[in-house]
Each structure stands twice: as C-alpha cells, then as structure tokens.
C-alpha cells in the first residue's frame, strides 16, 4: 500500500539556518567519500527526510529533488547584505573596515581562518552590529565590545552568511591582485608584503577550499 507524504524542498540557502548548515557540514565531512551517503545527508538536513523514507521514494521523485538541491547548493555568486533584522532588531555590516576598532581587529586575528565553522557566529557578531541611525545611504552602528552576542546568528539564513564570506573572499582576492601589480620600493616593504600576501593567500585558499569541500562529489 502506497503512502503519500508531503515534502518541503528549499529553493535556496535563505531557508537553511547556520545551525542546520553546521550540522549538515559535519555529516558531509564524515561521509565525503560515499556519494549516496552524501545525498542522504542532503535530503535529511535540507528536506527533513530520513534515509528509510528516501530509499522508499520512486526514482523520478528522488532525481528531481536531488537535482533541485544541487542546483542551489553549488551557487557561489552571493551578494553582501548590509542590513539584517533579527528578532526585530536591525544590524548593519561594518561600514568602514579600514577603521574597524582595534578590539574587533584583535578578535578577528585570533581566528585561524575566515571560514564558516563553529567560530563563524563570532565573526558575524564582529562584522554586524546594531544600527544606531541612518541618513540616506549612510548609517552608523554601535561600537564593538568583546561581549557581543553570537547565538542569534545560528538562526540566520545561509544566504546572509555566504554573502559576508564571499565579500571577504572577493575583497582579499582583489587586494592580492592589485598589490601584486604594484611596485615595492624597499626591501623592508617587500618583506612585509610577502608575509602579508602569504597569510592572506592561505586564508583565501582555506575559505574557498572549505566551501568546495563542504559538498564533495555532489556534481557527480
């Protein structure tokens, strides 16, 4: 006897919270060499379908859902969202990174890499803070403290998180390319540049590799 079930399939990452994404990421890494297990993890975390339910699905439905999920999980053209509202409170992205507070700079520097992992809520709490006022396209956010709340970022959609991450990836890549094209005048400056590029390059590569490795073999 056939049983009908209602399946909710997300259209994009805005429906996937950071909390759910981190849970999925753990399973994907655990089964990275098993394609069917990876697909099972996607169905479970993104659609709430347990393995036994997926196994009982007809082939056409399975393939349609799988192709739909793969169509958006491999997206990389995310845009930075400067404002995000959480529980009725508006947060704004740091409007001037060149003048970021020393405390925020130090806390970011404590992280080994800039990537979406268990430390990412801390990164978001540094980059986004409560909006104090707006004037046209200009806005001001509250000053950074070392006691910023982080837990609420776990409930925010991944479209916001990916937008912030790719902003840094693209910015770092642009800075790297422009710096490489510049002429350094002193040995000391060249040494400092080499060290800076090496560190920035490692962060960029680790961030991009982390994203690519999140969904191993899914394109197959």
Residue count for the range 105-142, restricted to those that are in contact with a strand residue (DSSP E or B) (Cβ under 7 Å, 6 or more places away or on another chain) and in contact (Cβ under 8 Å) with a residue 40 or more places away in the chain: 6
Can you find a residue that is outside any helix (DSSP H, G or I), surrounded by fewer than 16 Cβ atoms within 10 Å (Cβ to Cβ) and in contact (Cβ under 8 Å) with a residue 12 or more places away in the chain anywhere in the range 51-69? no
Filtered residues of the range 104-120 (kept if outside any loop (DSSP other than H, G, I, E, B) and surrounded by 14 or more Cβ atoms within 10 Å (Cβ to Cβ)): 104, 107, 108, 120
Residue ID - farthest from the chain's Cα centre (by Cα), chosen from residues in the range 80-91 that are under 27 Å from residue 169 (Cβ atoms) and either in a strand (DSSP E or B) or modelled with pLDDT under 90 (or both): 90
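The values are calculated or read from the model by the stated rules, or taken from the named source; none is laboratory data. A quick note: this is a predicted structure, and the numbers were derived from the prediction, not measured. Cβ coordinates were reconstructed from backbone atoms using ideal geometry, including for glycine residues, and neighbour counts include every protein chain displayed.
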